[in-house]
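Notes follow the structure.
The values are calculated or read from the model by the stated rules, or taken from the named source; none is laboratory data. None of these values were measured; they are calculated from a predicted model. Positions of Cβ are generated from backbone atoms using ideal geometry, with glycine treated the same way; all protein chains shown enter the neighbour counts. The area values use the complete protein model at the heavy-atom level, side chains included, leaving out ligands, DNA and RNA. Shrake-Rupley method; radii C 1.70, N 1.55, O 1.52, S 1.80 Å.
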Amino acid sequence: ALALAERERHAEAEAAALAAVAARPDSPEAVLTLAEVHRGADKHAEAAAAIDALAARSGEDSLDWQMLFARGVALERSGQWPRAEADLQKALSLQPENPELLNYLGYAWVDRGTHVEEGMALVERAVAQRPRSGAIQDSLGWAKYRLGRFDEALPILELAVELEPGDPEINEHLGDVYWKVGRRREAEFQWRRVLTLNPDPARRATVEAKIRDGLPEAAAGGAR
């Protein structure tokens, strides 16, 4: 199932994962695989539901940090933030130094404009462990951006793009901070670059509006 999903053969991957769960419905590994396959096909509600079904059979306390993390991500992506936040916090309590967890929860808080200082502290802990991760550097730069510390955010976001040059979101964030520090031609260049990186339709529309209108004074750039 995972091999098929990696090749974007989503229907076949889903069929294989469902067969694995049917054969072993109480197997955390099989359920986690099904959730990952659903997430890879952007079926985030279905991913969360697969883990919910296991929890209903085995009890919430049976879910380890990986299951909680996977469900938290699926819930967040399907617009169920209160449940997602609870799962991510519980997962982090079980794995307090996991850089992916630190980054995911920290970024989610920062991007929502809630617990921004606390979220940045989580991201800083993740950066200390994985300084060459473009996604994690982007989270730190974005936290500083959301706090209005644009001069501090700029070199961090430039490093993030250097590390992950093909990520449309990171490039958008760099464009946003260029605009905020008055480097508007570079901002427009960066936003136009986003359009070449196959952004999703919502991001494409947001970036096209920025190219056309720039950022308002109180802007909060693109969302992950």
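Rolling a 1.4 Å probe over the protein heavy atoms gives region 19-100 an accessible area of 48 Å² per residue. How large is Rg/Rh for the chain, to two decimals, with Cα atoms and a Kirkwood Rh? Ratio of gyration radius to Kirkwood radius: 1.01. Charge dipole of the chain (Cα centre as origin; +1 on each Lys and Arg Cβ, -1 on each Asp and Glu Cβ, all else neutral): 520 debye, rounded to the nearest 20. Residue-wise HN-Hα couplings along region 152-163, as the Karplus relation 6.51 cos²θ - 1.76 cosθ + 1.60 with θ = phi - 60° gives them from phi, are 6, 5, 4, x, 5, 6, 5, 5, 4, 5, 4, 6 Hz; Gly and Pro carry x. A compact globular protein would have a Cα radius of gyration near 2.2 N^0.38 Å; the ratio found for region 7-63 is 1.06. Of all lysines in the structure, the ones whose alpha carbon falls short of 27 Å from that of K210, not counting any fewer than 8 places away in one chain, are K144, K180. Region 25-91 gives an Rg/Rh value of 0.92, both radii derived from C-alpha positions and Rh following Kirkwood.
Per atom type, the chain shows carbon and sulfur on 51% of its accessible surface, probed at 1.4 Å. In plain terms, if you count all Cα to Cα distances in region 123-224 and split them into 5 Å steps from zero, the share in each step is 3, 15, 26, 26, 19, 8, 3, 0 percent. In straight-distance terms, cross-link reach from K90 covers every one of the lysines whose alpha-carbon lies under 25 Å from its own, apart from those fewer than eight places away in the same chain; here that gives K43.
Converting phi to 3J(HN,Hα) with the Karplus coefficients 6.51, -1.76 and 1.60 and the offset θ = phi - 60°, region 101-107 yields 5, 4, 5, 5, 5, x, 5 Hz in sequence order, with x at every glycine or proline.
Relative to the dominant Cα principal axis of the chain, helix 10-23 is inclined by about 40°.
With the convex hull drawn around the C-alpha atoms of region 91-132, the volume per residue stands at 58 Å³.
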